[in-house]
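Reading through the structure tokens given below for one structure.
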Amino acid sequence: MAGIGIQLNRIFDKHTVISSLYGIGFSFVYTIAPMLVVIGCLFGMFEVLGFDTVGYLERETFSCSILYIFIFSLLTSAPFNSVLSKFQTDRIYEQRYEDIRPCIYVGTITNLTLASVVAIPFYLYEIVTGNVPVYYVFTTYMGFLGLVLTFSTMVYNSILKQYKKITMYFTVSMIVTFLLSVIFRLLFQFSVAYSMLLALSIGFLLIAALELANVLRYFPTNSRRYGDVLHYFRVYWKLIASNFLYTLGLFIHNFVFWVQPWHLVVRDTYVCNPSYDMASCLAMFTNVSASVLFISRVEMHFHERYKEYTEAVIGGKLDSIEKAKKRMFRGLSSQILSLAHIQFIVSVVLFFLAMVVLPIIGFAGMIMEIYPQLAVGYFISFLMYSEMLFLYYFDDLTGAVLNGVIYAGISFTGSLLAAHLPPIWYGVGFTAASFFAFSFSYFRLRWIERNMDTHVFCRGTVLKQESGEMPEPDIYNAYKKRTASVNNKSNKI
């Protein structure tokens, strides 16, 4: 994301109110705008097609279908996308551009295979048990694969700093989605729910196709070294585990409440808890600005100090290395504290607005009881994720895995206990998980600071390790040297 950081530096260096507002808007548009475009398209279809007039069963079937598509596409794509991102970054740094296409092909096949292994048994069960029409289930399945592929191809385009194009692809595709939903409903007389579902599935596939075509255009050659990508999966399994555990931690508390006695079962297939799920969604949106703030501040400040430290390690004196290290970690602490302060203010303002506005537009009852505790949990969770990214910066994959285990494990056990408390405390398990993971990551970064020299200078080997026959232990043998010299002279005579 250094590309965003460079442009933000140019914007904020003008030091005017207008430039500051423009910089905030710029970071907002190119970070969370795609998600908001999809949400806006959904609300537009709801209003125009009259979704509120649809029968309860059809409405809940559609809602659960979309909920499952989003959650499980994130869960199935999260493990591999982090490693694919690292592989592509390493090959670009090495200028081995011909290895990018194998990465794309292997990554696409791997993501779609895992997604299909998870989805096909479930959708077959939906057809048999839920008596859902085959065409409806197949459309849902294609929408799921389309979103999985969208998340996968977004990784490659993000590394290429194609943020504008990603936003444009989402915008264009969602406009097409909206128009198609109207055509399907008015011209072909499809049901409201199926018109929306079919249009969304086409829209997700269109986004994925545009993103894939864009990244393939940059890398026309193919080295066909597919095994190198699979080797990365084995070497960086900790990266796979940490990213999956973090994503699992975001949703595992929802899964716990899906199996509580007051859950909702749709078509004997979909299981959900509408009140808790909606409260989670609202709480997440209350704190989603943390992503914008993290990118706009860290990429503008910390990345430069990290670069100065690595340059000092490569060619600087000991005194320069120590100064650069202290400056880098002072900047890291400053950015975390600054992010916490600013996000706290933003979250509090949005929270009070939500408490006033949401009941007016129909969100009340148990949703508003659960929402405050989850808002606190997501506030800490997004701060924790920022620390986890710093662990990635310092190649501390073990720390990242432990962070994920704490986050997902406490979220699961804490939510099981919280389910027996009053609704206002339902989110306390997730909040506790976020807090403990945040604390662990903070102290882990402090540990890295104390052991940074060992981490940088004492890891690795001087000589390249190879498998083969062991060479002779003698480096220099004076007797053999004299004997060989006499023999050579005798042969010449």
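The values are calculated or read from the model by the stated rules, or taken from the named source; none is laboratory data. Since we're looking at a predicted model, the values are computed, not measured. Ideal geometry is used to build each Cβ from the backbone, glycine not excepted, and the neighbour counts take in all protein chains shown. Quick note on the areas: whole protein, heavy atoms, side chains included, nothing else; ligands and nucleic acids left out. Shrake-Rupley method; radii C 1.70, N 1.55, O 1.52, S 1.80 Å.
Remarks
- Checked against (1) at pLDDT below 85; (2) within 28 Å of GLN260 (Cβ to Cβ); (3) among the aliphatic types (A, V, I, L, M); (4) assigned to a helix (DSSP H, G or I), ALA364 passes all but a single condition, namely (4).
- Test: ASP277 is under 26 Å from ASN131 (Cα atoms), assigned to a helix (DSSP H, G or I), among the charged types (D, E, K, R) and at pLDDT below 95: yes
- Cβ pairs under 7 Å, 6+ apart, first in the range 323-345 and in a helix (DSSP H, G or I) and of a type in the set (Val, Ile, Thr), second at pLDDT 70 or above and open to solvent by less than 30 Å² (accessible area, probe 1.4 Å): ILE336/SER386; ILE336/GLU387
- Subset of the range 128-142 (residues that are surrounded by 16 or more Cβ atoms within 10 Å (Cβ to Cβ) and either over 19 Å from ALA209 (Cα atoms) or modelled with pLDDT under 95 (or both)): GLY130, VAL132, TYR136, VAL137
- Scope the range 98-127; condition of a type in the set (S, T, N, Q) and surrounded by fewer than 16 Cβ atoms within 10 Å (Cβ to Cβ); matching residues: THR113
- Residue match in the range 379-390 (condition: of a type in the set (S, T, N, Q) and surrounded by fewer than 19 Cβ atoms within 10 Å (Cβ to Cβ)): no
- Matching residues in the range 123-175 - criterion: being within 30 Å of ARG267 (Cα to Cα) and either of a type in the set (D, E, K, R) or in contact with a Lys or Arg (Cβ under 9 Å, 6 or more places away or on another chain) (or both): GLU126, THR129, GLY130, ASN131, VAL132
- Annotation: of all residues in the range 203-224 being out of contact with any Asp or Glu (no Cβ under 6 Å at 6 or more places or on another chain) and farther than 30 Å from MET45 by Cβ, the one that is least open to solvent (accessible area, probe 1.4 Å) is PHE219.
- Of all residues in the range 38-60, none are buried (at least 22 other Cβ atoms within 10 Å of the Cβ), within 24 Å of CYS272 (Cα to Cα) and either in contact with a strand residue (DSSP E or B) (Cβ under 8 Å, 6 or more places away or on another chain) or among the small types (Gly, Ala, Ser) (or both).
- Test for PHE190: is it surrounded by 17 or more Cβ atoms within 10 Å (Cβ to Cβ), in contact with a helix residue (DSSP H, G or I) (Cβ under 8 Å, 6 or more places away or on another chain) and outside any helix (DSSP H, G or I): yes
- Odd one out for GLN95 among (1) buried (at least 18 other Cβ atoms within 10 Å of the Cβ); (2) without any contact (Cβ under 8 Å) to a residue 12 or more places away in the chain: (1)
- Per-region count, the range 403-432, residues of a type in the set (Phe, Trp, Tyr), under 17 Å from TYR371 (Cβ atoms) and out of contact with any His (no Cβ under 9 Å at 6 or more places or on another chain): 1
- PHE352 satisfies every condition listed in (1) touching a helix residue (DSSP H, G or I) at 6+ places or on another chain (Cβ under 8 Å); (2) among the aromatic types (Phe, Trp, Tyr); (3) open to solvent by 20 Å² or more (accessible area, probe 1.4 Å) except (1).
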